[in-house]
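Undergrad: This structure is in structure tokens; I'll ask about it shortly.
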Amino acid sequence: MKPEHKRMSRMLGSFVAAVRLTETERAALAFSALNSLKPDDAELTAAVSIGSAGPPLPSFLGGMEEARLWASYASRCELKAYALASFEAMSAENQAAFFRHISEMETAA
């Protein structure tokens with residue numbers, strides 16, 4: 001790695017970048033950097049940066065504890081994708097029961 005690249009990478013990941021660049025400028029810099037990569041590399045880089053959880057692991061003891069742990073690490077995109085796919089895979093009866101459950105939670109809140 002070139003010395004000027006090392007200096008720049010240390011500055012970008014530091015408090016200095018946050019002080020010298022606005023949030024919009026930092027977002028534009030991230031956008032430009034991600035767009036300079038191949039799509040697969042850009043997606044992987046962004047996922048690592050924001051803390052993607054990856055696919056859920058198989059459950060061993062009933063699943064709810066593992067599901068909640070996975071969900072605590074998942075990105076918003078992952079949460080939405082797996083929630084919708086899981087809902088769509090349920091039987092009509094289970095979908096109705098799930099809908100009642102989330103409706104009751106909404107009413108209680």
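Undergrad: Is one or more of the residues making up the stretch 82-100 touching a Leu at 6+ places or on another chain (Cβ under 7 Å) and either without any contact (Cβ under 8 Å) to a residue 40 or more places away in the chain or under 30 Å from Phe31 (Cα atoms) (or both)? Before you say what the answer is, go through the steps one by one.
TA: Let us first name the residues in the stretch 82-100 that are touching a Leu at 6+ places or on another chain (Cβ under 7 Å), namely none.
No: the stretch 82-100 contains no residue that is touching a Leu at 6+ places or on another chain (Cβ under 7 Å) and either without any contact (Cβ under 8 Å) to a residue 40 or more places away in the chain or under 30 Å from Phe31 (Cα atoms) (or both).
Undergrad: Still on this structure: Please go through the stretch 32-49 and pick out each residue that is exposed (fewer than 10 other Cβ atoms within 10 Å of the Cβ) and under 16 Å from Tyr73 (Cα atoms). Spell out the reasoning first.
TA: Let us first name the residues in the stretch 32-49 that are exposed (fewer than 10 other Cβ atoms within 10 Å of the Cβ), namely 32, 35-36, 38-40, 48.
Residue satisfying the conditions is Val48 alone.
Undergrad: Right, another one. Output the qualifying pairs, or none if there are none: Cβ atoms under 6 angstrom, residues six or more apart or on different chains, first residue in the stretch 1-21 and modelled with pLDDT under 70, second residue assigned to a helix (DSSP H, G or I) and of a type in the set (A, V, I, L, M, F, W, C).
TA: Short answer, once both residue conditions are applied: Met11/Ala17.
Undergrad: Counting only residues that are surrounded by fewer than 11 Cβ atoms within 10 Å (Cβ to Cβ), of a type in the set (A, V, I, L, M, F, W, C) and part of a helix (DSSP H, G or I), how many does the stretch 53-97 have?
TA: Adding up the residues that qualify gives 5.
Undergrad: Can you tell which of Ser91, Ser72 is under 18 Å from the mean Cα position of the chain (by Cα) and of a type in the set (Gly, Ala, Ser)?
TA: Values: Ser91 fails: under 18 Å from the mean Cα position of the chain (by Cα).
Going through Ser91, Ser72 in turn, the sole match is Ser72.
The values are calculated or read from the model by the stated rules, or taken from the named source; none is laboratory data. These numbers were taken from a predicted model, which means no experiment stands behind them. Glycine gets a Cβ as well: all are built from the backbone with ideal geometry, and neighbour counts include every protein chain shown.
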